[in-house]
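The values are calculated or read from the model by the stated rules, or taken from the named source; none is laboratory data. None of the values given here were measured: they were computed from a predicted structure. Cβ placement follows ideal geometry from the backbone for every residue including glycine, while neighbour counts extend to all protein chains displayed. Note: areas computed on protein heavy atoms with side chains; ligands, DNA, RNA excluded. Shrake-Rupley method; radii C 1.70, N 1.55, O 1.52, S 1.80 Å.
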Amino acid sequence: MKLTVVVDNFCQKQGLLAEWGYSSWLETKDTNILLDTAGICHVLTHNLNFLKLDPTKLSSVILSHGHFDHISGLMDILRIQPQVNVFASPAVSIEKRGDADAKRLSGGFPIQSLRQFRPIEGITEAAPDVFAFTVPKARRNPHYVCCRNLWEVNENGSVEADNFEDDVSVAVKGNKGWSLLLGCSHAGLPNIMRYITEELNIEEFDTVVGGSHLCAVAPREYPLWAEKLSEFKVKRWRLNHCTGFKAAAAMAKYFDDVDWAGCGSVIEL
């Protein structure tokens, strides 16, 4: 398997465009899958063209959650490849808000209205050796769920802290063993890793790649998070997007093989 980071906050190659958003292209021996579709600046198609990745060859899109910086390019993909399957949690339809006053609309759309929609509930095999999953609320330690200034609008119209029911990650089994592909880790990175290692009996990850949402962790908490993450065997950390520079630097202090996976990064899995 091969993962190419198509959109991130930072670029690894001249000619690519960066934005606050995320998208990556997973190539397996069976198929091509796009994980997330980046943000509101719509740099996705530019970067796909530059990287010579043909969206007409996509079989599926997997959406990690409903925030705009991960779903805004979906209509571009559906225009180019209308037959693509769209895997996501049904909870992507929940309206999301941002900022301390919860006034900023930040995501959510009626995904069930798409004929291409394929629901992710629990663990769903989106392709051979590609498992998209949500972490049940009962399996989440709330200490590792970063929800400051992130809100959702419930069925009666009131605003409450986002439950991140829609948060999806992807476990893949490639030539190098198991790897974990993240969107924003809103369910909490330690919670995600604990759940999938227990459910799929994973003893070691070759690579953990994607957004970890460590940007929301206070620096005084870094040692606690590092201690918790060290419970899992990981050969390579390739974090990006919502990880944040300070947190990524801290990860490099605690773990041996840590690097930023910006636009254009290619990772063999």
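Values as computed for the structure displayed
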{"quantity": "Residues within the range 88-126 that are assigned to a loop (DSSP other than H, G, I, E, B), touching a Ser or Thr at 6+ places or on another chain (Cβ under 8 Å) and under 28 Å from Leu200 (Cβ atoms), tallied", "calculated": "4"}
{"quantity": "Qualifying residue in the range 202-215 (condition: more than 23 Å from Asn163 (Cβ to Cβ) and aromatic (Phe, Trp, Tyr))", "calculated": "yes"}
{"quantity": "Test: residue in the range 42-58 that is open to solvent by less than 20 Å² (accessible area, probe 1.4 Å), in a strand (DSSP E or B) and not charged (D, E, K, R)", "calculated": "no"}
{"quantity": "Subset tally (residues that are crowded, with 19+ Cβ neighbours inside 10 Å and of a type in the set (D, E, K, R)) for the range 1-41", "calculated": "3"}
{"quantity": "Count of the range 233-263 residues which are touching a helix residue (DSSP H, G or I) at 6+ places or on another chain (Cβ under 8 Å), part of a loop (DSSP other than H, G, I, E, B) and crowded, with 18+ Cβ neighbours inside 10 Å", "calculated": "1"}
{"quantity": "Ile80 vs. criteria open to solvent by less than 50 Å² (accessible area, probe 1.4 Å) and at pLDDT 95 or above", "calculated": "no"}
{"quantity": "Residue in the range 203-210 that is open to solvent by 10 Å² or more (accessible area, probe 1.4 Å), among the aliphatic types (A, V, I, L, M), under 19 Å from the mean Cα position of the chain (by Cα) and closer than 28 Å to Leu105 by Cα present", "calculated": "no"}
{"quantity": "Among residues of the range 1-38, those that are among the β-branched types (Val, Ile, Thr) and closer than 18 Å to Thr207 by Cα, counted", "calculated": "5"}
{"quantity": "Residues of the range 116-172 satisfying the condition of being farther than 25 Å from Leu74 by Cα, surrounded by 16 or more Cβ atoms within 10 Å (Cβ to Cβ) and at pLDDT 95 or above", "calculated": "Arg140"}
{"quantity": "The lone exception for Ser185 - which of (1) closer than 22 Å to Pro119 by Cβ; (2) open to solvent by 10 Å² or more (accessible area, probe 1.4 Å); (3) in contact with a Leu (Cβ under 9 Å, 6 or more places away or on another chain); (4) not aliphatic (A, V, I, L, M) it fails", "calculated": "(2)"}
{"quantity": "Residue list for the range 99-115, filter: more than 18 Å from the chain's Cα centre (by Cα) and surrounded by 16 or more Cβ atoms within 10 Å (Cβ to Cβ)", "calculated": "Ala102"}
